[in-house]
Each structure stands twice: as structure tokens, then as C-alpha cells.
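Trainee: Quick one: this structure, given as C-alpha cells, is what I'll be asking you about.
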Amino acid sequence: MSVAGIIGAPAPVGNLVVSLLDILYYPDPLLRRNASQVKNVDGEVAKLVDNMLETMYDAPGIGLAATQVNVHQRVVVIDVSEENNTPLIFINPIITSSEGVAEMQEGCLSIPGVYESVKRPADVRIEAIDREGNPFEMDADGLLAVCIQHEIDHLDGKLFVDYLSILKRNRIRKRMEKWIRDGADLDDLPERPERH
Ligand SMILES: [Zn+2]
């Protein structure tokens, strides 16, 4: 029996209650954890998805993996639309085939202010589960293909700076450590839309 109503705590109203989640910053070792498969797409997972979308749009970013908000489950949200009105949800995503090579400049909400070119497969086929628990398949190219690969890397504890030279990565790590020491103020960084 719950007495929450009696003492006046507000009851959550479906999806209207969303929270912004704290994003982990590189080189936090928690970003290196391997995320677990989601066993049941239940209300808790749906709530995580909603909070992740809110956090991604607020940042603003075009993609977010649960690992980045210190939840080590295989959940990814993406929105690469111009109007930020086409959220895509990928639970337990896997890439089943890939083709070609594309080079694109990438950024990351966990490594703010850093943008570097990364080569990845250009076209990918993805299998995942949606927010309602239904499996689906999707073909992706362009920015979406880059984004989904970047986010699946997060679930495997991998970051886009891992594709750079050790020298470059060390320089970025030192710069990030200094930025965190100085208070991790996002206003100290250049504003760019395509972070994920
Ligand atoms: Zn990222």
C-alpha cells in the first residue's frame, strides 16, 4: 500500500514526467563499460528512452547512447532531422551488414568542443527493437549511418577519438581534463549542432 497520495507527493503522469540526465565526459572510465542487452522493453526502459530524448534535444545533440548517461544498457536515441521532430529509438541495435567507406567530421556530447574526421562504412543495415518492444530493420546512409555506428560504439565502450592517432587522442584527453578541472563550462566551447 502506498501513502504517497496522502502526504501529497505528485504522482507521475505517464510520459509527461521527464528528467534531464547528466552526461559523462571523456575520459571518465564509466564511458568504457560494455552495456548489457535489454531483456524486457518495459515501462522503465520507455522512461529511460524519454529522458534520453529530452537530454539529447536539450544538449543539443543528434544522438545519445545510454552509456553516456551512466546507464549501461543497450539503448540509443537519434534524431538527425532538420526540425528535430523525428526521434529514432534503437534498443539492442546491431549492424547486420555494411558497405563502402565514408569520411565525416564527428563530435560527441561526451567530448564537447572536439570535432575530428572519422572513416566508417557508408551504408549499414541495422536490426533493433523499438520503444514498444517490436523488432525492426532499417537501412541507413549518410549522417544517420555515421550516427548509429557512433552510438553503438558507445554501447561497446568505444569513443570516436579511438579512431584517431594516440598523439591526437592524448592531446584531446589533456584538453578535456583541463576543461573538467576548470569547471566543465559548456559556454567555454564553440557551439556546433552535430554533436552525438
Ligand atoms: Zn558520442
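Trainee: From Cα pairs below 8 angstrom and at least 6 apart in sequence, can you work out the relative contact order of the chain, rounded to a whole percent?
Mentor: Numbers: 342 pairs, mean separation 44.8, N = 196.
About 23 percent, as a whole number.
Trainee: Would you work out if the stretch 16-64 is rounded, prolate or oblate? Take a ≥ b ≥ c from the square roots of the eigenvalues of the alpha-carbon gyration tensor; rounded if a/c is under 1.5, else prolate when a/b is larger than b/c, oblate otherwise. Let's see the in-between values first.
Mentor: Numbers: a/c = 2.33, a/b = 1.12, b/c = 2.09.
The shape class here is oblate.
Trainee: Turning to a different aspect of this structure: Taking Cα atoms, how many degrees apart are the long axis of helix 43-58 and the longest axis of the chain, rounded to 10 and kept between 0 and 90?
Mentor: So the helix axis and the longest Cα principal axis differ by about 50 degrees.
Trainee: So what is Rg over Rh here for the stretch 71-165, counting just Cα atoms and using Kirkwood for Rh? Write out the running numbers ahead of the final one.
Mentor: Values: Rg = 13.1 Å, Rh = 13.9 Å.
Using only Cα positions, Rg/Rh for the stretch 71-165 is 0.94.
Trainee: Here's something else I'd like to know. For the stretch 69-196, with every protein chain kept in place, what is the accessible area per residue (1.4 Å probe, Å²)?
Mentor: On the way: 6420 Å² over 128 residues.
Ligands and nucleic acids excluded, the result is 50 Å² per residue.
Trainee: Quick check: at a probe of 1.4 Å, how many percent of the accessible area of the stretch 130-196 sits on carbon and sulfur atoms? Could the numbers behind the result be given before it?
Mentor: Values: 1910 of 3810 Å².
Looking at the stretch 130-196 in its full context, I get 50 percent from C and S.
Trainee: Taking only Cα atoms, what is the 0 to 90° angle, nearest 10, from helix 142-155's long axis to the longest principal axis of the chain?
Mentor: The two axes meet at around 70 degrees.
Trainee: Grab the eigenvalues of the alpha-carbon gyration tensor for the chain, scale each by 5, take roots, and send me the semi-axes largest first in whole angstrom. Write out the running numbers ahead of the final one.
Mentor: On the way: eigenvalues 164, 101, 43 Å².
In descending order, the three semi-axes are 29, 22, 15 Å.
Trainee: Can you give me the Cα centroid spacing of the stretch 94-119 and the stretch 122-196 in angstrom?
Mentor: Each part reduced to its Cα centre gives a spacing of 7 Å.
The values are calculated or read from the model by the stated rules, or taken from the named source; none is laboratory data. Keep in mind that what you see is a predicted model, and the values were worked out from it rather than measured. Only protein heavy atoms, including side chains, enter the accessible area calculation; ligands, DNA and RNA are left aside. Shrake-Rupley method; radii C 1.70, N 1.55, O 1.52, S 1.80 Å.
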